[in-house]
Structures are given as C-alpha cells and as structure tokens.
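Please read the structure below before turning to the comments.
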Amino acid sequence: MPNRARRSACLTAAALAALASASMPGLAQGVDRPLHKAVIQVSDNDPQKWNLALNNAGNVQSDLGGPEATELEIVVYGPGIAMLKSDSPVAKRVADALRAGVKVVACENTMRAQKLTHPDMLPDIGYVSSGVVELMKRQQQGYAYLRP
Amino acid sequence: MPNRARRSACLTAAALAALASASMPGLAQGVDRPLHKAVIQVSDNDPQKWNLALNNAGNVQSDLGGPEATELEIVVYGPGIAMLKSDSPVAKRVADALRAGVKVVACENTMRAQKLTHPDMLPDIGYVSSGVVELMKRQQQGYAYLRP
Amino acid sequence: MPNRARRSACLTAAALAALASASMPGLAQGVDRPLHKAVIQVSDNDPQKWNLALNNAGNVQSDLGGPEATELEIVVYGPGIAMLKSDSPVAKRVADALRAGVKVVACENTMRAQKLTHPDMLPDIGYVSSGVVELMKRQQQGYAYLRP
C-alpha cells in the first residue's frame, strides 16, 4: 500500500472517530465513561414537580447503572427557582441528589429578576448564566431532554 | 489499486453507512420504513393532557401519512399513570390509538410505587421498567420528544 | 497514489462533510449563519407560560448574540392558541418578539377545531398545518426543544 494511501486511510479513520464522538456522545468513549445523559428541566413553582424531577433522576441512576454510567443535570429556572432557595421544602432531597452525583444548577437570569444572590440558595448547587441556554447547549451535546 | 487500499476504502464505506444509519435514523432505511418518530410523554394527572396527547398522536399520523410513515410511542408515568388504569376516562381513546398502531406503555416503577399490577391496567398496552429511561432511550434513537 | 485510491479518498472526504453537515446542523455553515436553534412549545392556556416562553426567547437572544446567532421559533397549539388571538393579553410582547426576529407560528389544526380563521389572529404571525408535526420536524433539523 503506497504511503499516501495509507495516510489517507488513517486520516479517514481519525475523522470517523471524531465524527462518531461528536454526533453520538458516549459511543467512542471508554467503557468507564458515562453513556446515558439527560438534562431535566424544573421551571414550575410546584413541589410535586420538584419531587418528580428528583425521583426521575434517582430512577435513571438506579436503572442505568449508577452515577458511573449516567450524567444527569437538573436545570432550575423561572418560577421553579424556589426549589433551590435555602428554605426549599426539598432541601434534603437536593442534597441527596448532589451527593449521588447529579448536577443541580440554578439560573442566574432568574435569580437577578427575583433579587436572589448565592447566599440565598442551597449549598453545593451550581450556577449557569441562563437556564434556557443551558438546556439548549446540553441537547446539542446529545443529552436527552426531560421535563417532568 | 492495491488490495489493502481497496479493503480500506470498503471498510470506510461500510463504517460511513453504519454511522449514517446510527446518527440519522430513517435515512438509511428502505422507503417502506417509518421515517417520522416521536415519543410523547404523559406525566400529569390531568385528563385534558391525556386527550391532548391522544389528539397529538392522531394529528401526527394523519398529517404524516398514517401508521406506515410514523412510529409513535406514548410513555405514561408518575402522576399520569391513571390514564392507563382500567377505569380510565379515556379508555376508549387509548384502545383506538392502539388499534391505529400507536404504542402506549406504562412505567412499572410508577406502578410499583402505586401498588398497581398488570390486571389493574387497560388491555393491550405495553410496559417499560422505567418511563423516564424509555424517554431517554427513544431520544437517543432519534425520536423527537413531545410533552403536551 | 493510484488514481482509484485518490478518488476513494476524495469521495470519502465529501461523504464525511455531507454527513457532518447533516448530523450536526450549523457545523458546516458559514460563520454568519445562525448556530443556536430552538423550538419553544406553547400548549397551555396560561398567560404565565406565555410570558415565560417570551422571556425564554429574549434571554436566548441576549445570551447567545442576538438574532444573527440564533434561530428561534415559538410553536403555539392546543389550549395555548389563545396566546395568538387578536385579543391576546400578550399581543404587544408577541409583536416585540416578531420584530426581534423570533418566528411565532399558530397551528391550523387547532384553529380549525376552535373555529378560528386568520383574521381572528394577531398580525404578522406565521401558520403551520400542525403544531405538533412542526415540533417534530424542527427537532429532526437539530433544533433544541424547550417547553416552558
């Protein structure tokens, strides 16, 4: 096989791998990397929905092989933001989810509109500048979208 | 063309076809296979939402060429599970949807939590161990997500 | 490199580019084309949800670089259709969104069911024969799905 042909074949294989990795997240990753990704939206001011979102995250982890096999992010914004305030009725469950490796993030656009600052919120959560943009980005990265 | 180069080209073509098939469901399928796929979530205890979900399935089928051109699955879980109990107010409409080729599945995680067993449910529906995992898997398979 | 091998390599590169373009919308587009696409569903008869959908569209535009960098479409159907009637309480905000380059479309299936015709609706909006089919098509085109 001539050298240039061999080089072309190699480049092609590399391009395919890159493409597979970009368009099918998880496929080209090692077996020890998360394969099941979902972003869970919380935008209702409704504790039943908050519990459902937390149940969903727990069920996904237990059904799909635990934190090692899943990448879950709960994005909280709009009227849902009270889920993550210090006095949240689901504070303990949020802490449990964080400990189980679920990412939980609050929308800073919403916080600004409601005059909330980081000290008003639950400990150990994450922050994103825009909840809705985060939902878009995660879907573009291959996360499934779930809205309980 | 040397044999090894030819073999590389063939492998590359096969890999491309596999990749196209995996990342763009429907594209590499025959013309007689479903091309429009959607998973419809029902998780509210609200008969208006149940009717909307059933309307949506019907509209998709009539607008996109019937059951032959569509693959629709209604996934029922959480507070929505009453839609599929034997005494459901939309029992007749669920039977119609099933006859029209729409898949309707109940979440067994939810059923266990509500002490429901298969005999408590409508006939001919399907079952999945986790509704939320089913929604993730279908999206990964290229199904659009609809939450009425 | 023999000619046939060279041709194979070229075809492979072209196929890869086509595949990349098809499976990752935006990637192969020029820098002046929209890169962030989302379809926003409005199907609730709830002015708070209408305002949230309009807020979401505005936030996405301001966070992602304005109308030049985003392609947003609000799809209104089912019980949500009142958002786009002439007497809508959010008429002014819908006009603002349209002026900002957000597409806003009403479902004609819903309009027919509610005996609404185009003169009953807000000016300058668009129409689709089926809101739910539009949501499916947009997701198949790589739009993220948002349901406030």
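Assuming A:I125 fulfils every condition listed in (1) closer than 17 Å to A:D46 by Cα; (2) touching a residue at least 40 places away in the same chain (Cβ under 8 Å); (3) of a type outside the set (D, E, K, R) apart from one, which condition is it?
(1)
Is it the case that B:G58 is touching a residue at least 40 places away in the same chain (Cβ under 8 Å) and on the phi > 0 side of the Ramachandran plot?
No, not satisfied.
Counting only residues that are under 10 Å from C:M83 (Cβ atoms) and over 17 Å from the mean Cα position of the chain (by Cα), which one in the range C:39-48 is surrounded by the most Cβ atoms within 10 Å (Cβ to Cβ)?
Top of the filtered list is C:D44.
Condition first: in contact with a helix residue (DSSP H, G or I) (Cβ under 9 Å, 6 or more places away or on another chain) and farther than 11 Å from A:W50 by Cβ. Now tell me which residues in the range A:88-102 satisfy that.
Residues satisfying the conditions are A:D96, A:A100, A:G101, A:V102.
Give the residues of the range B:55-69 that are closer than 26 Å to B:G80 by Cα and either open to solvent by 30 Å² or more (accessible area, probe 1.4 Å) or touching a Pro at 6+ places or on another chain (Cβ under 9 Å) (or both), sorted by residue number.
Residues satisfying the conditions are B:N55, B:N56, B:G58, B:N59, B:Q61, B:S62, B:P67.
So C:Q41 clears everything in (1) within 11 Å of chain A (Cβ to nearest Cβ); (2) farther than 19 Å from C:R138 by Cα except one condition, right? Which one?
(2)
Just checking, does the range C:51-67 include any residue being modelled with pLDDT under 95, within 11 Å of chain B (Cβ to nearest Cβ) and in a helix (DSSP H, G or I)?
No, there is no match, as no residue in the range C:51-67 is modelled with pLDDT under 95, within 11 Å of chain B (Cβ to nearest Cβ) and in a helix (DSSP H, G or I).
In the range C:72-86, which residues are in contact (Cβ under 8 Å) with a residue 40 or more places away in the chain and either buried (at least 23 other Cβ atoms within 10 Å of the Cβ) or part of a helix (DSSP H, G or I) (or both)?
Answer for the range C:72-86, where residues must be in contact (Cβ under 8 Å) with a residue 40 or more places away in the chain and either buried (at least 23 other Cβ atoms within 10 Å of the Cβ) or part of a helix (DSSP H, G or I) (or both): C:V75, C:V76, C:Y77, C:G78, C:M83, C:L84.
The values are calculated or read from the model by the stated rules, or taken from the named source; none is laboratory data. These numbers were taken from a predicted model, which means no experiment stands behind them. As a convention, Cβ positions derive from the backbone with ideal geometry for all residues, glycine included, and neighbour counts pool all protein chains shown. To get the accessible areas, we keep the full protein, side chains included, count just its heavy atoms, and leave off ligands, DNA and RNA. Shrake-Rupley method; radii C 1.70, N 1.55, O 1.52, S 1.80 Å.
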